[in-house]
Amino acid sequence: MIYIQRRERFSAAHQLYNPNWSEEQNEAVFGKCANQNFHGHNFEMIVTVKGEVNPDTGFVMNLVDLKNIIQGKVTDKLDHKNLNLDVDFLRGKMTSTENIAIEAWKILQPEIAKHGVELHCIRLVETENNSVEYYGE
Ligand SMILES: Nc1nc2c(c(=O)[nH]1)N=C([C@H](O)[C@H](O)COP(=O)(O)OP(=O)(O)OP(=O)(O)O)CN2
């Protein structure tokens with residue numbers, strides 16, 4: 001078993017705000033991230049796929065195919081978007097780094113499986129200091 005990775009980048013705006021809470025509670029929990037006029041991040045999404053090396057190609061999976069899947073199914077839909085307003089697969093969800101990674105997994109896992117390999121991890125970096133890793137459970 002060997003692991004391969006593809007990094008994609010996207011820039012997006014969002015707001016962390018729970019409409020079921022008071023202004024005070026939102027401010028207490030989310031602080032500046034609750035700003036009603038949104039704020040932005042330059043995200044990095046690192047997708048790790050695992051499998052065996054195909055002796056004919058030397059590849060687990062062609063990284064160009066992986067790039068096209070991630071861009072076409074996920075990051076093109078996030079780049080230069082407002083995550084709270086513009087993205088169908090985030091509608092009604094808190095746009096935390098965790099939830100973005102989980103929703104990306106739901107989309108990417110079946111697409112990657114079509115190539116006879118397995119999605120292992122989605123790492124989503126929101127800031128230099130804040131990131132999440134999701135392994136599908
Ligand atoms: N569990 C989570 N916590 C937080 C998330 C998140 O997605 N999941 N997101 C945020 C903010 O959107 C954002 O990350 C701002 O956080 P902040 O700590 O201010 O980010 P920086 O790394 O830029 O700040 P430093 O002071 O340099 O660490 C908050 N929490």
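Residue pairs, Cβ under 7 Å, 6 or more apart or interchain, first in the range 1-28 and among the β-branched types (V, I, T), second in a loop (DSSP other than H, G, I, E, B) and at pLDDT 95 or above. List them.
These pairs meet every condition: I2/V53; I2/V60; I4/V60; I4/M61.
Among the numbered criteria (1) away from the ligand (no atom under 16 Å from the Cβ); (2) closer than 21 Å to G136 by Cα; (3) among the aromatic types (F, W, Y), which one does F59 miss?
Against the list (1) away from the ligand (no atom under 16 Å from the Cβ); (2) closer than 21 Å to G136 by Cα; (3) among the aromatic types (F, W, Y), F59 comes up short only on (2).
Would you check which residues across the range 121-137 are in contact with a Cys (Cβ under 8 Å, 6 or more places away or on another chain) and assigned to a strand (DSSP E or B) and list them?
Once the filter is applied, which keeps residues that are in contact with a Cys (Cβ under 8 Å, 6 or more places away or on another chain) and assigned to a strand (DSSP E or B), the range 121-137 yields E133, Y134.
From the list N42, N82, pick out the single residue that is in contact with a Ser or Thr (Cβ under 6 Å, 6 or more places away or on another chain) and not β-branched (V, I, T).
After applying the criteria, what remains is N42.
Output the residue which, of all residues in the range 3-59 that are assigned to a strand (DSSP E or B) and aliphatic (A, V, I, L, M), is farthest from D86 (Cα to Cα).
I4
Inside the range 86-120, can you point out the residues that are away from the ligand (no atom under 16 Å from the Cβ) and either out of contact with any helix residue (DSSP H, G or I) (no Cβ under 9 Å at 6 or more places or on another chain) or part of a loop (DSSP other than H, G, I, E, B) (or both)?
Of everything in the range 86-120, those that are away from the ligand (no atom under 16 Å from the Cβ) and either out of contact with any helix residue (DSSP H, G or I) (no Cβ under 9 Å at 6 or more places or on another chain) or part of a loop (DSSP other than H, G, I, E, B) (or both) turn out to be D86, R91, G92, Q109, P110, A113, K114, H115, G116, V117, H120.
Could you tell me whether any residue of the range 65-84 is exposed (fewer than 14 other Cβ atoms within 10 Å of the Cβ) and within 30 Å of S22 (Cα to Cα)?
Checking the range 65-84: at least one residue is exposed (fewer than 14 other Cβ atoms within 10 Å of the Cβ) and within 30 Å of S22 (Cα to Cα).
Each row is one residue, and each column tells you yes or no for (1) under 30 Å from H115 (Cβ atoms); (2) of a type outside the set (A, V, I, L, M, F, W, C); (3) modelled with pLDDT of 95 or more.
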site: R6; (1), (2), (3): yes, yes, yes
site: F10; (1), (2), (3): yes, no, yes
site: Q15; (1), (2), (3): no, yes, yes
site: G31; (1), (2), (3): no, yes, yes
site: A34; (1), (2), (3): no, no, yes
site: I46; (1), (2), (3): yes, no, yes
site: K50; (1), (2), (3): yes, yes, yes
site: T57; (1), (2), (3): yes, yes, yes
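List the residue pairs whose Cβ atoms are under 9 Å apart, where the first residue sits in the range 85-99 and is over 14 Å from S11 (Cα atoms), the second is assigned to a loop (DSSP other than H, G, I, E, B) and of a type in the set (F, W, Y), and the two are 6 or more positions apart or on different chains.
L85/F38; M94/Y17
Name the residue, out of V117, V125, that is surrounded by 16 or more Cβ atoms within 10 Å (Cβ to Cβ) and over 21 Å from V60 (Cβ atoms).
Being surrounded by 16 or more Cβ atoms within 10 Å (Cβ to Cβ) and over 21 Å from V60 (Cβ atoms) holds for just one of V117, V125, which is V125.
The values are calculated or read from the model by the stated rules, or taken from the named source; none is laboratory data. Since this is a predicted model, take the numbers as computed values, not measurements. Note: ideal-geometry Cβ built from the backbone for every residue, glycine included; neighbour counts use all protein chains shown.
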